[in-house]
1. Rounded to the nearest 0.05, what FRET efficiency do Ser264 and Asn52 give with R0 = 41 Å and r taken as the Cβ-Cβ distance? Could you check?
2. Let me know the charge dipole size of region 115-245 about its Cα centre in debye, to the nearest 20, where only the beta-carbon of Lys, Arg (+1) and Asp, Glu (-1) is charged.
3. Over region 8-315, with every protein chain in place, what whole percent of the accessible area is carbon and sulfur at 1.4 Å, could you tell me?
4. Each residue of region 223-238 in order: what ³J(HN,Hα) in whole Hz does its phi give by Karplus 6.51 cos²θ - 1.76 cosθ + 1.60, θ = phi - 60°, with x for Gly and Pro?
5. What is the gain in length, in nm to one decimal, between Glu116 and Gln196 on full extension, counting 0.36 nm per residue of separation less the C-alpha to C-alpha distance?
6. For region 180-250, what does the accessible surface come to per residue with a 1.4 Å probe? Please give it in Å².
7. Given a Förster distance of 25 angstrom, what is the FRET efficiency for Arg123 paired with Glu172, based on the Cβ-Cβ distance and rounded to 0.05?
8. If I model a spin label at Leu314 and Arg204 as a point 7 Å from the Cα along the Cα→Cβ vector, what separation in nanometres do I get?
Amino acid sequence: MLAKKLSASEVTDPALYFNRRNFIRAGILAASAVATGAVYRRLNPAGGGEVNTPLIQGVTVPAPATDPSGFRAADRQTSLQDITHYNNFYEFSTDKASVAPLAANFNTTGWRVSVEGLVKMPRVFELDDLLKLSPPEERIYRMRCVEGWSMVIPWVGYSLSKLLDAVEPLEEAKYVAFETLLDPKRMPEQSAGVLQWPYVEGLRLDEARHPLTLLATGLYGRALPPQDGAPIRLVVPWKYGFKGIKSIVKISLVASQPRTTWNSEAPREYGFYANVNPHVDHPRWSQATEQRIGEFGRRPTLMFNGYEEQVGHLYAGMDLRTNF
Ligand code: MTE
């Protein structure tokens with residue numbers, strides 16, 4: 001993300017990042033002829049955010065011949081290495097490659113999520129109860145970041161609607177507001193003023209209830225690694241990645257549009273809706289194309305990230321240039 005408080009030079013462009021990685025890989029190969037181990041260990045220090053999270057039992061893998069629901073994109077999946085080492089998670093670092101090592105020891109013991117506000121049955125869920133609320137499913141989603149890169153991620157989780165049904169939203173509830181943990185001891189960059197903490201996000205209630213909207217608890221059949229938002233995060237595949245708030249502790253049903261982090265940081269650049277839209281440029285760059293991580297060259301960005309058939313009706317009659 002580019003925020004007004006960050007200069008462009010502080011943010012790694014995806015092309016530069018991956019060229020640098022290729023350069024580093026090439027360097028490792030060359031060095032291996034002479035002094036293998038030392039070079040590798042220096043570039044990949046122990047505790048560098050390797051993925052050692054446990055496997056999730058009983059993941060349901062529905063495999064329809066065609067997938068009108070949009071649950072399982074046929075695109076080639078991004079490698080686990082890239083998904084877990086190219087991260088936006090400002091609570092740990094604004095440098096994508098540094099998030100994994102800095103978040104490696106993030107402790108989620110005793111995690112609770114409060115679901116509150118305009119609901120009949122407010123409840124503070126222990127993580128285990130939240131995980132058991134609905135069977136975990138694998139959803140293969142295309143993800144598109146507002147910065148212009150994309151990935152294809154086999155998430156594990158269940159539709160947020162299952163949780164909303166459990167707490168029974170009241171008639172007056174029109175939006176859902178989400179909040180990340182606020183704990184500078186466990187999330188060290190919260191001591192710095194790069195963003196206003198905690199990170200907050202929001203959806204309209206009908207968006208939140210759409211079956212594609214996922215409460216994710218894992219990826220690649222494993223529990224969610226810290227750098228991707230352990231232990232529980234939001235995934236909304238037709239919206240820019242910043243809507244996918246990580247490490248959620250609070251979900252509130254509210255009557256009016258909630259404040260969202262990037263929209264309040266830079267309202268001209270990041271809207272509340274943040275629907276992927278190749279026809280509406282970011283004020284400082286085009287959104288017409290994207291770089292799929294792991295591929296060379298750029299590919300066209302699709303309207304609603306390719307989920308138009310499933311979600312287009314949610315925005316019928318809305319001016320998507322104003323509501324960006
Ligand atoms: N959630 C929190 N709490 N903090 C963040 O900095 N970054 C967002 C989103 N969720 C962010 C967050 C952005 S900008 C993106 S693109 C996605 O997380 C990245 O998710 P990933 O690292 O799992 O790919």
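1. 0.70
2. Values: 16 positive and 18 negative charges, 69 e Å.
With Lys and Arg at +1 and Asp and Glu at -1, about 320 debye.
3. Numbers: 7470 of 13570 Å².
Result for region 8-315: 55 percent of the exposed heavy-atom area is carbon or sulfur.
4. Each residue's phi maps through the Karplus curve to give 4, 4, x, x, 5, 9, x, 3, x, 8, 9, 9, 9, 10, x, 8 Hz.
5. Numbers: separation 80, 0.36 × 80 = 28.80 nm, distance 2.23 nm.
Contour length minus Cα-Cα distance gives 26.6 nm.
6. 26
7. Numbers: r = 19 Å, r/R0 = 0.74.
Working from the Cβ atoms, E equals 0.85.
8. So the label points at Leu314 and Arg204 sit 0.9 nm apart.
The values are calculated or read from the model by the stated rules, or taken from the named source; none is laboratory data. Just so it is clear, the model here is predicted, and its values are computed rather than measured. All Cβ positions, glycine included, derive from the backbone under ideal geometry; neighbour counts span all protein chains shown. Heads up: the accessible areas ignore ligands, DNA and RNA and are worked out on the full protein's heavy atoms, side chains in. Shrake-Rupley method; radii C 1.70, N 1.55, O 1.52, S 1.80 Å.
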